1. Of all residues in the range 166-183 being under 19 Å from Pro240 (Cα atoms) and without any contact (Cβ under 8 Å) to a residue 24 or more places away in the chain, which is surrounded by the fewest Cβ atoms within 10 Å (Cβ to Cβ)?
2. Inside the range 252-282, can you point out the residues that are in contact (Cβ under 8 Å) with a residue 24 or more places away in the chain and among the aliphatic types (A, V, I, L, M)?
3. Collect the residues in the range 120-146 that are of a type in the set (Asp, Glu) and farther than 23 Å from Ile272 by Cα, keeping them in residue-number order.
Amino acid sequence: MRIFILFFISLISFASTAQDTISAINKKRLIPVTTGIVGLYTASMIGLNELWYKNNPRSSFHFFDDSGEWKQMDKLGHATTSFHESRFAVDVLKWSGVPKKKAYIIGGLAGFVFQTPIEFLDAYSSEYGFSWTDVAANASGSALVIGQYLLWDELRIQPKFSFHKTKFAKERPNVLGKSLNEQLLKDYNGQSYWLSFNIHSFLPNKESRFPQWLNISLGYSAENMIYAQDVQNKAAGYDPYRQYFLSLDIDFTKIRTRSKVLNFIFDYGLNILHVPAPALEYSRKGFKFHPVYF
C-alpha cells in the first residue's frame, strides 16, 4: 500500500514541476481523484484479502515458482488487470491536464504498481509465495498500454475477460470458490481471456464505413482443472487441456452517448468484458462452434 501511495505522490510532484503542465483547476481534479483511487484500491485489497487469503495460514516471506500452474490462466489474469488499471490511470492523467506522453508513461506504469502489493500478500501466505512470473505478467499489461499509446496514440488491442459457471467448483470449493464472487476469481475453468482487436483502427482508410465498434477477438481458456498441476489432476482422474477461440466483440469506447455516466460505464465497465458472441473453439478435441460463448 505504501508503494501505491508514494507512486501517486511522486506522480503529482513530477507532473507539477513541468511548466504550464497543470492549471489550478486541474490540480483540483488530479489530487481528489488520485486520493479516491487510493481509497478504492485500499478497499479492494481488503476485499481480496477476505476472499483469497483470510483462511490461509501465514508464513515468513518466501518465493514460489508457479509458472507451470493452472495452464497459465492466472498469468493472463494478472496481465489483463494490469492493463485496465493502467488504461484508467492514463485517462485520469490526461483528464487532469498532464501532457499526453507523460500520461502514457506514468499512467501506463500504474497497473504494474497496483499489482505489486499482491505479490507481497502471496509472499506471506504459506500456500503461495512471491512469484516473478506474476511480476512479469503485471509488467506485460502495463507494457501493452504504454507501447500502443507511444506507437499509435491509441489503444487498438485490448485484453478482456469472460466467465461462466462450471461443474468443477463443487469438486474443490475451498480452492475454486464456494460463492459466485469467489468462483469469478478462483475457478480458472470458467474464465476466458481475450485479445480484442479493433478492426477499423487497422484499416488504411480511416474514412471507411466499417463499424468502428466491431472487434475480432482471440481467446484462451483451459478446462478439467481442480488442482494447479497437471500431474495432480491426472492422478485425480482429470485430464486438463487448453482451449483457443476466435470470436467477435464490441469496443464500447467507440460507442458514445449524451450521458457521461453511461459513457463511463461503457469505457471502464463493459469494455473490460468480452461480450457473449458466436465463437469457434479449437482444442485437442478438434473444432467446436458455440452459437453464444461467454
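1. Lys167
2. If the condition is that a residue be in contact (Cβ under 8 Å) with a residue 24 or more places away in the chain and among the aliphatic types (A, V, I, L, M), then Ile255, Ile272, Leu273, Val275, Ala277, Ala279, Leu280 are the ones that fit.
3. Asp122, Glu127
A short reminder: the numbers here are calculations on the coordinates, not readings from a lab. The model shown is predicted, which means the values in this text are computed figures rather than measured ones. Virtual Cβ from ideal backbone geometry, glycine too; neighbours counted across all protein chains shown.
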